[in-house]
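As structure tokens, the structure follows; a few thoughts come after it.
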Amino acid sequence: MVSLDESLVARLKKGSKHYEVLVDPDGALEFKKGGNVKIEDVLAVEAVFEDSGRGDHASESDLTNAFQTDDVFEIAAYIIKHGELQLTKEQRKHILEEKTRQVISTIAQNAINPQTRAPHPPGRIEKAMEEAKIHIDPLKSVDEQVNIVMKAIRPIIPIRFEEVEIAVKIPSDYAAKSYGDIAKFGTMLRDSWQNDGSWVAVVKIPAGMQNDFYGLVNHLTKGDAETKLL
């Protein structure tokens, strides 16, 4: 159990009242993200407060009315999951940097320039985000923020999410060992084995991952394969 001096407040409003618990910063963040953390190890003190700064405990009747239970652990888990977690400066910075990278990576893997049908490099996406003055929320999901970022940067760079279909022909010397890796890369639309032992397939992948796909095919076949963007 974390010491009170190192604890942070997790807060939730229910009706007209606020409810607070004192928590371990790292443990609470991991718990909120769905990590394998026990709520007993997250709480700094086994109590629910109306105002933790003043030490005002919430009454059992208020807790029962608000949460349909007076079990501290159940209530604390709910507050951490659904409430506001006050992050440390270091936590917020780390999460912000990591989530920004995840948002940029997701867009780069799935989007293209519709004018050229080529992927946008991550650096170009990051620059467009800076120009659009995008502010990533460290506690919102990546998927939610990807949509927000896409809407904000469209006036700056031509971009849209798209999937592409690529036909690939693998020579017989590499066909058998290449099958699994290529099949897992995207959605296999159709494939067939040729009389000469070569393998032909059409794979659907996120448009932004074309270069990665071509790199995989070249690696598997030492450059001895045919591909065509359909």
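The values are calculated or read from the model by the stated rules, or taken from the named source; none is laboratory data. Keep in mind the model is a prediction, meaning the values are calculated, not measured. Neighbour counts run over all protein chains shown; Cβ positions are idealised from the backbone, glycine included. Only protein heavy atoms, including side chains, enter the accessible area calculation; ligands, DNA and RNA are left aside. Shrake-Rupley method; radii C 1.70, N 1.55, O 1.52, S 1.80 Å.
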- Note on the structure: A careful count of residues in the range 49-72 that are touching an Asp or Glu at 6+ places or on another chain (Cβ under 6 Å) and either in a helix (DSSP H, G or I) or free of Cβ contacts under 8 Å to residues at least 12 places away in the same chain (or both) gives 6
- From 30, 40, 46, residue being among the charged types (D, E, K, R), within 19 Å of residue 6 (Cα to Cα) and part of a loop (DSSP other than H, G, I, E, B): 46
- Taking the residues in the range 13-28 that are open to solvent by less than 20 Å² (accessible area, probe 1.4 Å) and closer than 16 Å to residue 82 by Cβ as candidates, determine which candidate is modelled with the lowest pLDDT. 28
- Query: Which residues, counting only those in the range 141-157, are open to solvent by less than 40 Å² (accessible area, probe 1.4 Å), hydrophobic (A, V, I, L, M, F, W, C) and in a helix (DSSP H, G or I)?
  - Reply: 142, 146, 149, 150, 152, 153
- Report those strands (runs of 3 or more DSSP E) wholly inside the range 164-230 carrying at least 1 residues which are in contact with a Gly (Cβ under 9 Å, 6 or more places away or on another chain) and either more than 22 Å from residue 113 (Cβ to Cβ) or in contact (Cβ under 8 Å) with a residue 40 or more places away in the chain (or both). 199-206
- Message: For the range 181-230, which positions are touching a Pro at 6+ places or on another chain (Cβ under 9 Å), over 23 Å from residue 162 (Cα atoms) and open to solvent by 20 Å² or more (accessible area, probe 1.4 Å)?
- Response: 196, 197, 224, 225
- If you check 46, 6, which single one turns out to be open to solvent by 70 Å² or more (accessible area, probe 1.4 Å), in contact with a Phe, Trp or Tyr (Cβ under 9 Å, 6 or more places away or on another chain) and more than 30 Å from residue 150 (Cα to Cα)? 46
- Taking residue 94 as the residue in question, decide whether it is more than 30 Å from residue 229 (Cα to Cα), free of Cβ contacts under 8 Å to residues at least 60 places away in the same chain, not in a helix (DSSP H, G or I) and not β-branched (Val, Ile, Thr). no
- Please give the number of the condition residue 138 fails out of (1) farther than 24 Å from residue 155 by Cβ; (2) without any contact (Cβ under 8 Å) to a residue 40 or more places away in the chain; (3) outside any helix (DSSP H, G or I); (4) not basic (Lys, Arg). (2)
- Go through the residues of the range 79-90 one by one and say whether even a single one is touching a Leu at 6+ places or on another chain (Cβ under 9 Å) and open to solvent by 90 Å² or more (accessible area, probe 1.4 Å). yes
- Item | In the range 119-134, the residues that are open to solvent by 40 Å² or more (accessible area, probe 1.4 Å) and either part of a helix (DSSP H, G or I) or touching a strand residue (DSSP E or B) at 6+ places or on another chain (Cβ under 6 Å) (or both) | 122, 123, 124, 126, 127, 130, 131
